[in-house]
Every structure is written in structure tokens, then in C-alpha cells.
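Read the structure below first, then the notes.
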Amino acid sequence: MTPDAFLADFHAVARIGATPAGGVDRQAATPADRETREWFAAFAARRGWETRVDGIGNQFALVELVPGAPYVLLGSHLDSQPLGGRFDGAYGVIAALHAAERIAARVSGADAPADGPVYNLAVVNWFNEEGGRFAPSIMGSSVFAGIKDEAAMLDVRDLEGTSVREALSAIGYLGADERPAIAAYAEIHIEQGRLLERDGLPIGAVDRSWYTQKLDIEVLGEQSHTGATAMADRHDALLGAAQVITRVHEVTELFPPETLVSSVGQLTLEPNSPIVVARRVRLVADLRADDAAVVLEARDRLLRDIAEIADAYGLTITARDFDVRDNQHYPESGLALAEEAAAHLGLGARRIRTMAGHDSVAMNRIAPTVMLFIPSVDGVSHCEREYTSDADMVAGVEMLAEVGWRLVHG
Ligand code: HGY
Ligand code: MN
Ligand code: MN
Ligand code: MN
């Protein structure tokens, strides 16, 4: 692994599904997703690493160090949001491939320590971390961790009615290979926030994640003529939805600034005609906070507000909880290991929370997990403007290689 080789690979992958303003559009199980999977498989094949694909499309490259031993998994996700950034997820997968190459070379190198590794090593590209096309997010790693049922996830459909099973089969990645037995997991990812940039630090060691949930809200009114129908007779689903969207924002103001974060990011409208009062609106609200009680209080306030809006506008509004993720604390052992590795490399580091979801949230349920961040310029992500410097990316690869080296030695 040389910095130039890593950067060349990173920029090669960034060209797959590239969008005009420097982002990528590689939603789960699309042709662009298939192209990145083929790139991943070719990288592994050139090094003689076996690749596997499991029943939910998770892709693995196995680096055999200790025959028969369980695997330290290094990885992240290659899928993206629509018009997303070229760093989110993809950086972590490419960094993991290069870190694995470095670890394998060190293990077989002349200065390899007498007490060799006790675990194997594998790199993973998780299926559908983003959850943009198929909800919920963090899907492939949640199935691997036994948090989500594989058959149920394969039946999930996108807005066009295509199922995960059909989409994975269409790109040739509906696998059936045996999943590697896991010993530990490490992931490196862009922070997608401003803290490392503000503190001038190259590395974050994630110590905790949010409590989060989404609300799938359906607003039902009555279709009518936008001209001929008297105002008093209208049951306008889009007007009601507009009130709901405003309340989803306003509920954050019941708490101290930045305690609760919320947005409505997805909306579908029927019939979506300029001269028809809307019959149906479906929208998804995302609620997140450090503290579960805050999200649960906000959710209850919202449900009460939604009932008032339905009454006031003569609508039927239902809200369904989904993608609920409980608070997570990452193990002290992993944090200490990360801090020792950073100190060994002379890299400044701090402990940091994540308000973004990651596959490590699922893995942290089943194995010792280390989650690392590198800085994001302006804290921008899920946007074509997402950016991290080459220097920060290369430092992160060094860091992941050092953490992975320590993990494979038990
Ligand atoms: O949910 C998340 O934060 C992730 O980006 N999918
Ligand atoms: Mn991500
Ligand atoms: Mn993301
Ligand atoms: Mn994420």
C-alpha cells in the first residue's frame, strides 16, 4: 500500500456513477453499484484473495492469515445517497482494502514479529448502508448481525415496486455464500460533521452513537378540483402535510439547540397534478438525539400535533415508527486500542459521537468494534460538495492498518 496507489484507487472509484458537481449516484443494487462491486472483486482477485457474496448482497474479500481462524472484518459501504458525496462509505472500503494489503505484507514480511496473528482478515462492502432506495438503512450489516431478518429485507420494495431480491438478482449479486465468522470489526469513515475540523485533529474514535427513529407518515385527504371546489369543501392532503413538515422542524425548538435533530427528507404526492387538490401524501421524518428520552418525547409531541392537524383540515393522518436504533456505546477496549494506535503513529485523536448511522452500529451488537473518523470539510455530507483532503484520507488508511494489525494479533 502506497499513498499514491490508494489515492489512484479512490479517484478511480469516484468516477463510477460520478455526477456533474463532483458527487456520485450509486444507490443500492443499481448498475453503478454493480460496477463498484466488480471493481472490489477485481482488486481482491489481483491479490489472490477469495471473494464471497452472502444472501443479502454483502461482499467480502478474505485475506487468509491463520487457516481456520475467525476474521477481523475491516469495511464500510460503496452504495451512496442520490447525488451523494464520493467519500461517504467508499473511502472506508478502499481504505480497508489497502490497509488489509499492508497488514498481509507486514505479517509475511522479514520483520514480522515471532508471535504472529491469531485471526484472519477480511474486507467487507456492506449492502445498502444508505437506505435511500430501500429502507431501512444499515440493511446488509443488520442482517449479518441478526438484527434484521434476511427474508423480510429481501422483500422490501423501492418506490417503483422493485424488491431488494429482484434488484440484487438483476445486478448479479444475490449471493448464497457462507458469511465469515467474525472476531472483531473496524471501520473508518468521514465524520460528516464539523468537530475534527474545528479541533484541527486528523482522527476521531467514535465512543457513542445516537438514538434514532423514523416516522413513516401518510396524510389522506380527498381529491377535488382546484378551481371549482369551494374552499370549505376541500380536504387538502398537501396542505396538511405542509403543517406536519413544519411541526417536525418546530419540535426541535422544544429542546436546547442541537439536542434533537430532525428533517423530512422524502415525500411522495398523489395525484401530483397542478389542478387537483392532493389526495395522498407520504412523508418520512428522521428524528435523532444523544438521549433516547428526547426522541421519544419529541415523537409523542408530534403524534399529538398530527392528530390536531388531521382534525383541523378534515384529514386522516397515520404515523408508523421504523428504523428505530437504540443508543450505542462503543467498547472502551476498542477506544483505548485506537488511541494507542494514533499515538504510535503520531496522529492527534479525540473521542467523538456520531449522529450519522454506520454499519459499525450493527456490528457493535455482535463483536468488539472500533469506529474511526477523519475530518469532513465544513461538515458537509450526503451532498456533492462533500470533501476530505488527500492527506487526511492517507492518514486514515495508516490508522486503519495499525488498528487492524493490533486486532488480528488479538
Ligand atoms: O442513517 C444514516 O445516517 C446513514 O447515512 N445511512
Ligand atoms: Mn456512510
Ligand atoms: Mn451516508
Ligand atoms: Mn451512514
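The values are calculated or read from the model by the stated rules, or taken from the named source; none is laboratory data. No experiment lies behind these values; they were computed from the predicted model shown. Here the Cβ is made from the backbone with ideal geometry for all residues, glycine too, and neighbour counts use every protein chain on show. Surface accessibility is based on the protein's heavy atoms, side chains included, excluding ligands, DNA and RNA. Shrake-Rupley method; radii C 1.70, N 1.55, O 1.52, S 1.80 Å.
Leaving ligands and nucleic acids out of the surface, order VAL377, VAL164 by accessible area at 1.4 Å, largest first.
These residues rank, largest area first, as VAL377, VAL164.
Local charge sum around GLY314 (other residues, Cβ-Cβ under 12 Å, Lys/Arg +1, Asp/Glu -1)? Spell out each step's value before the answer.
Numbers: positive: ARG234; negative: GLU222, ASP233, ASP236, ASP311.
The answer is -3.
Each label point is 7 Å from the Cα along the Cα-to-Cβ direction; what then is the distance between the points at HIS249 and GLU38, in nm?
Modelled inter-label distance: 4.3 nm.
Which percent, nearest 5, of DSSP beta bridges in the chain are antiparallel? The partial results should precede the final answer.
On the way: 47 of 70 bridges.
Looking only at bridges with both residues in the chain, the antiparallel portion is about 65 percent.
If each of VAL276 and MET355 carries a label point 7 Å out from its Cα toward its Cβ, how far apart are those two points in nm?
Computed distance between label sites VAL276 and MET355 equals 3.9 nm.
What accessible area, in Å² to the nearest ten, does a 1.4 Å probe give for HIS382?
HIS382 exposes around 90 Å² with every protein chain in place.
Using a 1.4 Å probe, how large is the accessible area of TYR387, given in Å² and rounded to the nearest 10?
100
So how exposed is LEU83, as accessible area in Å² (1.4 Å probe, rounded to 10)?
Solvent-accessible area, nearest 10 Å²: 90 Å².
If you roll a 1.4 Å probe over the heavy atoms of the protein chains, what accessible area per residue do you get for the range 212-325, in Å²?
Details: 5740 Å² over 114 residues.
That works out to 50 Å² per residue.
I'd like the distance separating the alpha-carbon centroids of the range 230-267 and the range 94-125, in whole Å.
That distance is 50 Å.
On C-alpha positions alone, give me the angle between the axis of helix 390-408 and the longest principal axis of the chain, in degrees, nearest 10.
Computed tilt is about 70 degrees.
Taking amide H positions as placed 1.01 Å from N in the peptide plane, with prolines and chain starts having none, which residues 5 or more places from HIS409, or on another chain, fall under 5 Å of its amide H?
Distant-sequence amide H within range of HIS409: VAL118.
For the chain, what is the calculated [θ] at 222 nm in deg cm²/dmol (nearest 500), taking -39500 (n - 2.57) for each run of four or more DSSP H residues and dividing by its residue count?
Details: 12 runs with 143 residues, N = 410.
Helices in the chain give a 222 nm mean residue ellipticity of -11000 deg cm²/dmol.
Taking θ = phi - 60°, what integer Hz values does the Karplus form 6.51 cos²θ - 1.76 cosθ + 1.60 yield along the range 108-124, in sequence order, with x for Gly and Pro?
Each residue of the range 108-124 in turn: 9, x, 4, 9, 5, x, 4, 7, x, x, 9, 10, 7, 9, 8, 10, 10 Hz.
So what J values fall out for the range 17-23 if you push phi through Karplus, 6.51 cos²θ - 1.76 cosθ + 1.60 with θ = phi - 60°, rounded to Hz, Gly and Pro as x?
Calculated HN-Hα couplings, in order: x, 5, 10, x, 9, x, x Hz.
How big is the dipole moment of the chain about its Cα centre under a simple scheme where the beta carbon of each Lys and Arg is +1, that of each Asp and Glu is -1, and everything else is neutral? Debye, nearest 20, please. Walk me through the numbers on the way to the answer.
Values: 36 positive and 60 negative charges, 56 e Å.
It comes to approximately 260 debye.
If you roll a 1.4 Å probe over the range 43-166 with all protein chains in place, what percent of the accessible area is carbon or sulfur? Intermediate results must be reported in sequence, preceding the final value.
Working: 2060 of 4120 Å².
Percent of accessible area from carbon and sulfur atoms in the range 43-166: 50.
Please report the net charge: other residues with Cβ closer than 11 Å to the Cβ of LEU97, K and R +1, D and E -1.
Summing Lys and Arg as +1 and Asp and Glu as -1 gives +1.
To the nearest 10 degrees, how steeply does helix 3-14 sit against the main Cα axis of the chain, on a 0 to 90 scale?
Computed tilt is about 30 degrees.
Given H placed 1.01 Å from N in the peptide plane, which residues other than close sequence neighbours of VAL24 have an amide H under 5 Å from its amide H?
Result for VAL24 returns THR19, GLY84, GLY85, ARG86.
For ALA232 and ALA8, compute 0.36 nm times the residue count separating them, minus their Cα-Cα distance, and round to one decimal in nm.
74.3 nm
Got a sec to turn the phi values of the range 368-380 into Karplus ³J(HN,Hα) couplings, 6.51 cos²θ - 1.76 cosθ + 1.60 with θ = phi - 60°, whole Hz, x for Gly and Pro?
x, 10, 10, 10, 10, 10, 10, x, 10, 5, 6, x, 8
Angle, helix 332-345 long axis vs. longest principal axis of the chain, Cα atoms, 0 to 90°, nearest 10?
Rounded to the nearest ten degrees, it is 60.
What net charge is computed for the residues neighbouring ASP177, neighbours being all others with C-beta under 9 Å from the C-beta of ASP177, Lys and Arg scored +1, Asp and Glu -1?
So the surrounding residues net to 0.
Before I look further, what does the range 1-99 give for accessible area per residue, probe 1.4 Å, in whole square angstrom?
31
Could you look at the range 212-325 and say what percent of its accessible area is carbon and sulfur, using a 1.4 Å probe and all protein chains?
Of the solvent-accessible surface of the range 212-325, carbon and sulfur hold 53 percent.
If THR36, THR162 are ordered by their accessible area, calculated over protein heavy atoms with a 1.4 Å probe, which sequence runs from highest to lowest?
From most exposed to least exposed: THR162, THR36.
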